[in-house]
1. Can you figure out the FRET efficiency of R396 with I17, using R₀ = 60 Å and their beta-carbon distance, to the nearest 0.05?
2. Which of rounded, prolate or oblate describes region 2-94 when judged by the alpha-carbon gyration tensor and an a/c cut-off of 1.5?
3. If R0 is 35 Å, what FRET efficiency do you get for T10 and L150 from their C-beta distance, rounded to 0.05?
4. What does the charge count near A122 come to, summing +1 for each Lys or Arg and -1 for each Asp or Glu among other residues with Cβ under 14 Å from its Cβ?
5. If you count, for each residue, the other Cβ atoms within 10 Å and average over each peptide, how do 114-125, 287-298 line up from highest to lowest?
6. Which ³J(HN,Hα) values in Hz, rounded to whole numbers, follow from the phi angles of region 329-340 under the Karplus curve 6.51 cos²θ - 1.76 cosθ + 1.60, where θ = phi - 60° and Gly and Pro get x?
7. At a threshold of 8 angstrom on Cα-Cα distance, excluding pairs fewer than six apart, so keeping six or more, what relative contact order does region 2-94 reach in percent?
8. Specify which residue in the list L144, I435, A13 is farthest towards the positive end of the charge dipole of the chain, using unit charges on the beta carbon of Lys, Arg (+1) and Asp, Glu (-1), about the Cα centre.
Amino acid sequence: ELLEVVKDLTDPAAAPIVRTLTERLHHLVDIGLEYLSLDRVTDTLSGGESQRVKIVKNLNGSLVDVMYIFDEPSVGLHPRDVHRLNELLEKLRDKGNTVIVVEHDPDVIKGADYLVDMGPRAGSEGGQVVYEGDFAGLLKADTLTGNYLLHKRPLKETFRQATGVLPIVHATVNNLKDVSVDIPTGVLTVITGVAGSGKSSLITEAFLRQHQEAVVIDQEAIGTSSRSNPATYTGIMDDVRKAFAAANHADAGLFSFNSKGACPNCQGLGVTYTDLGFLEGVKLPCEVCGGKRFKDEVLAYTLNGKSIADVLNLTVHQALAFLKIKEVQPKLQALSDVGLDYLTLGQPLSTLSGGECQRIKLASELHKQGSIYVMDEPTTGLHLSDIGRLLTIMNRLVDGGNTVMVIEHHLDVIRNADWIIDMGPEGGNKGGMVIFEGTPRDLLGAKHSLTSKYV
C-alpha cells in the first residue's frame, strides 16, 4: 500500500528520496514481505521473516566488494519463498559482493556458483572438505550430500486412519481469520503454508491454549549453561554416578562436577577466567585439573577401567558399547536415533547448534507414552541424510499410539504425512485461512494451494 502512495509523489525535490524508498519497498515485496506493516514490532516476526528483513537491509546498502555470510537463510521458508531468496542472494552477488551461505536446502545448493561439501560425516568423523566445485560435479561425487540430492523421496502410498479429532475452535490469534479446524489423532499431521501464513499462530498459540497437555519440541535454547551437557540433560549422568558410586563404594556426589567432586580451583568449570580490566576477559584451561573438571582423587576411581572424565569424553556411539547400564541404554539409543551419535556426553549444551538442541529435546521426550507431540520445524539444521532418521522417529511415535503434529516446509516431511493442513493463501493479512485439508495425494490436485506445486 505504501509503495503505491510513494509512487504518486511527484515533487522534484523529493525525487532522490522517493527513488531510494521505492527500491527498498520493492525489495521487501520481492522477498514476500509485502503484508508486513512498518509499525510491526520485530520480536513478533517469525524466524523466516526476520531473516529476510536482515537480507533486505543488506541489499539496500550501497556497499560493494563486501563478504556476506548467511547461516541457513532458508530456515522457516516455504519452497516458493526459497526461490525468491535465491534471487536476492544473486542480486547481492551481482552488486560485486562475495556471498557465502551455510545451507542444507537443495534449491539453494542448486543455485550456487561454487560448492564446498564438508564431511564425510558429523562430529569427530567430519571436519574435512570432501568435495569442491559446481553442482553438476557434486551429483557425480560419491559424498553423502551428492547421493541424497540424486534421490527424491516418493509420496507416501498408504495413509493411517485417524482415531479421533482434536478441535481448534474460532481461532483469531494474530492473523487467523476465525479458523476452526480438526486435528486428527493417532496420525502424522503436517501443517504447512508460506511464511507468515499463520501456521505457528494456529498450533503454538491457538491449539496449545486449548490442549495444554501436549509435548512441545521447538527451537528454544535448552540451556545455555556450560555446566549442563547431553548426559545431565537426558538424565544419563544420574545413573552413571550411581554406577561409579556402587563400583567404588564411594559417595555418588563425588562424581558430579557441580557438587563434591568439583576441582577446587575452577569449581568444576574446567576453565578459569582472567580479568584484563579494560580488555575482554581471557578463558584458559584450569591448570590444576587440566580441563577435566574433577578433583584428582575422584579421577582415581574407575568403572570398567575408565574414570568419570573418560566416560564424559565418550561419544554417544562409543557410550552405547561401553555403558551397559540398563537405565542408560534406552536414553543413549534415543540420542543415536535422532542422529546425535557423534556428540560427546560431556559437551556443554551452550556449544550446540539450534538443530542439535532440538534433537536433544526430541530424544529426551521420546519415551513419553500416549501423548500429543507438537514439533516446530524439526528439520532445521538437518542434512538430507538425517531427514530419513527424523521421519522414522515420527512414524515410531505415531505407531506407538501418539498424535504427532509438525509445522514444516520440508517437502520430504510433507510427502510422508498422513494428513496435511495447508495455511494461506499468502502471508500476513492475506493469510490466516485453512486452504486445504487432506492427504498428500489429495494435495496434488489442489490447484489453489502453493504447496501442491512443489510436492
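Derivation of every value follows stated rules applied to the coordinates shown; laboratory data play no part. Computed from a prediction, not measured in an experiment: that's the story for all the values here. Every residue, glycine among them, receives a Cβ derived from its backbone with ideal geometry; neighbour counts consider all protein chains shown.
1. 0.55
2. Taking the square roots of the gyration eigenvalues as a ≥ b ≥ c, region 2-94 is oblate.
3. With a Förster radius of 35 Å, E is 0.05.
4. Within the 14 Å Cβ shell, the charges total -2.
5. Order by mean packing, descending: 287-298, 114-125.
6. Per-residue couplings from phi come out as 3, x, 5, 5, 4, 5, 5, 5, 4, 8, x, 10 Hz.
7. Details: 45 pairs, mean separation 27.9, N = 93.
Value for region 2-94: 30 percent.
8. Comparing the listed Cα positions along the dipole, L144 ranks first.
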